[in-house]
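Structure first, commentary second.
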């Protein structure tokens, strides 16, 4: 696939805006309608927003870090971008599709590239029933919340919640509790990527719960269905010496 026509997008930070100006002065900008590739300047949060907003374009995205962590980004440099884009390796990502039904019966559908999370909304712990492929696996999980993470998202919030890091080609999802109170010893589960996860909120009036797909939140939900959408393919580009699989592997050996 050609990567000669580039369009640049940047977050609103001064650093990203300055980098945007430098790159446009050096390489020009083909515009989104003519581009073969998108170069995104910012942090991981900005990369997620670009992936969501340009999904219908089906263009590969090459991130350059102008944020804090930059796990989904490459190092920033003005020189040599043409060569870096030609040599870049593709990581294919399938998002999760979240279907959440609120207490009024309204249905909300969003995509998540990193994870779908459910959270308690008040000081009281949430009580959630967990089903996998139509079979109840946990009658009652008392917790601050729970999440389902993709391999690409397993090093994000999932890792902070003590969930496992998943290799990109592992064909599994992580189901991870957030501050589980009961069952106290439950640490989560590894699921096949075709698994269908359902969270049923027990007593949503007394113990309200919100559902979040990346940064899209639905409050006062009573039921959440999560499954990978294999019909959607997102393409991330990485420098060969620091591709996404290597980053995920390396994260497992950081003290």
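Any read-out appearing in this document is the output of simple, stated calculations on the displayed coordinates, not a laboratory observation. Computed from a prediction, not measured in an experiment: that's the story for all the values here. As a convention, Cβ positions derive from the backbone with ideal geometry for all residues, glycine included, and neighbour counts pool all protein chains shown.
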### Mean Cβ count within 10 Å, highest first, over the residues of peptides 34-44, 175-185, 61-71
34-44, 61-71, 175-185
### Ellipticity estimate at 222 nm from DSSP helix runs (n ≥ 4, -39,500 (n - 2.57)) divided over the chain, nearest 500
-4500 deg cm²/dmol
### Query
Relative to the present Cα-Cα distance, how much length would full extension add between residue 246 and residue 82 at 0.36 nm per residue of separation?
56.8 nm
### Task
Starting from the alpha-carbon convex hull of segment 61-112, give the projected area averaged over all orientations, in nm².
5.6
### Task
Enumerate the residues in segment 92-124 having an amide nitrogen under 12 Å from the point lying 7 Å beyond the Cα of residue 232 toward its Cβ.
93-99, 109-116
### Task
Please report, to one decimal in angstroms, the Kirkwood hydrodynamic radius of segment 1-127 built from all distinct Cα-Cα pairs.
16.5
### Query
If only Cα atoms are counted, what is the Rg of segment 96-228, and what is its Dmax, in Å?
13.3, 41
### Query
For segment 152-255, what is the convex hull (Cα atoms) projected area averaged across all directions, in square nanometres?
8.4
#### Entry: Whole-angstrom gap from segment 231-253 to segment 109-143, using each part's C-alpha centre
28
### Query
Which part of segment 220-252 falls in the paramagnetic zone of residue 196, meaning amide N under 17 Å from the point 7 Å along Cα-to-beta-carbon?
223-231
### Task
Translational diffusion coefficient, Stokes-Einstein: compute it for the chain using the Kirkwood radius over C-alpha pairs as Rh, at 37 °C and 0.692 mPa s, and state it as an integer in µm² s⁻¹.
171
### Query
Efficiency by 1/(1 + (r/R0)^6): what FRET value for residue 34 and residue 184, r their Cβ-Cβ distance, R0 = 51 Å, to the nearest 0.05?
0.35
